[in-house]
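Accompanying notes for the structure given below.
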Amino acid sequence: MNKGIGKKKTSIIIASLLIVLAALVPLVGVASKYAFYLISLGIIWTILAISADIMLRLGLASLAQGAFLGLGIYSVALGMTSAHWNWWFCALVGMVLAAITGLGLGLITLRLTGHYFAIGTLAFGIAIERLFENWDSFTHGARGVTGIPEISPIKLGSTTLVSFENETSMYYLLVVFLALVVVVLMRVTSSPFGRALAVIKSNENLAKALGINVTKYKVIAFMFSAMVAALSGALFAPFIHYIHPADASSHIGFVALIYTVIGGAGTWWGPIIGSQLMVVIPELMRPLQDYRLMIFGVVVIVVMILVPHGIAGGLKSLYEILSKRYGGNKKATL
């Protein structure tokens, strides 16, 4: 009982800390509008990285996150520009489509393990990318979709309660969505469903012996992962105002995994740290021009060698070492 209450308090504290820290960004000011843009974009990629981390917590590397991102992107882009639907409805449509697609793909690929699962999801991602690129009459093909409006305001009757026409209000909305995703994931992880997933990751045969329907639990987790990825896509489209099939390409799946692994897979702060660093660092190295991607690649490799569990995992280990030495045996919950 006390353990459950403790985890509930932890989720509330982390979500509150996220909101407080993020709220300070516009108040203290940033170097430029572009820096503010990068931080906001980093939050969108953080949500995508969390979607990849959901599957990594099962020991599976999904490379289909770009496809699920694309379902969210195109649902919003086409829904708002062609059908003139409300953003909130378009986002819901994209997440439902992603969940249904995740269900179908999961039933096929989740019977596979290791790199076979990764290859299966990669093949699906490539297929969806080609669909977005070649279905010209519907997706606008390589021309992309332009003129995507801002997120629809929240209204009460004819009165506008909250508008998202400026960068600050859009930024706060992104922070709220990120906090909601983190809290939901934390609650799911500490629930009986999450504990069943932990058993499946550690030993599938044991899980089956305990009566756990392994395929069912994996598919549900995959559907949840797909919905979170679609949410990031739904936020990306009105943030950029123009989308292209390349925005939902198969390499996005690799990008999401890199962000998560660098930050620390299986940790609460890992996707946040990894996404922000991986968005900001290449821009800081832009003056190096042709050498920046090569240096960036070297930095990524060095971090993975020195801190194999990611930056957040390294900080967690350091905290536990210091706690044992100076303050008793304590475990960090990063």
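Coordinate-derived values only; no laboratory data. Note that the coordinates shown come from a computational prediction; the quantities given were computed from them, not determined experimentally. Cβ atoms come from the backbone with ideal geometry, glycine included; neighbour counts cover every protein chain shown.
Sort V96, V182 so that the residue with the fewest other Cβ atoms within 10 Å of its own Cβ comes first and the one with the most comes last.
So the residues, fewest neighbours to most, are V96, V182.
Under 17 Å Cα to Cα from K33, which aspartates and glutamates show up? Leave out anything in the same chain fewer than 8 places away.
E165, E167, E283
How large is the helix-only mean residue ellipticity at 222 nm for the chain, computed as the sum of -39500 (n - 2.57) over DSSP H runs with n ≥ 4, divided by its residue count, in deg cm²/dmol to the nearest 500?
After summing the helix terms and dividing by the residues of the chain, the value is -24500 deg cm²/dmol.
Which order do the peptides 50-63, 72-85, 114-127 come out in when sorted by mean C-beta neighbours inside 10 angstrom, highest first?
50-63, 72-85, 114-127
Which ³J(HN,Hα) values, rounded to whole Hz and listed in residue order, are derived for the stretch 225-233 from phi using the Karplus coefficients 6.51, -1.76 and 1.60 in 6.51 cos²θ - 1.76 cosθ + 1.60 with θ = phi - 60°, glycine and proline given as x?
Values, residue by residue: 4, 5, 5, 5, 4, 5, 4, 4, x Hz.
With the crude spin-label approximation of a point 7 Å out along Cα→Cβ, what separation in nm comes out for W135 versus V300?
2.9
From the phi of every residue in the stretch 170-184, what ³J(HN,Hα) in whole Hz does the Karplus formula 6.51 cos²θ - 1.76 cosθ + 1.60 yield, where θ is phi - 60° and glycine or proline is x?
5, 4, 5, 5, 4, 5, 5, 4, 4, 4, 5, 4, 4, 5, 4
List the aspartates and glutamates whose Cα sits under 18 Å from the Cα of K218, skipping any in the same chain fewer than 8 residues away.
Straight-line reach from K218, under 18 Å: D53, E204.
For a Förster distance of 35 Å, can you work out the FRET efficiency between the beta-carbons of T146 and H115, rounded to the nearest 0.05?
0.35
In percent, how large is the relative contact order of the chain, given Cα pairs closer than 8 Å and 6 or more residues apart?
Relative contact order here is 29 percent.
Find the centroid of the Cα atoms in the stretch 160-228 and in the stretch 117-133, then give the distance between the two in whole Å.
Here the two parts' Cα centres lie 23 Å apart.
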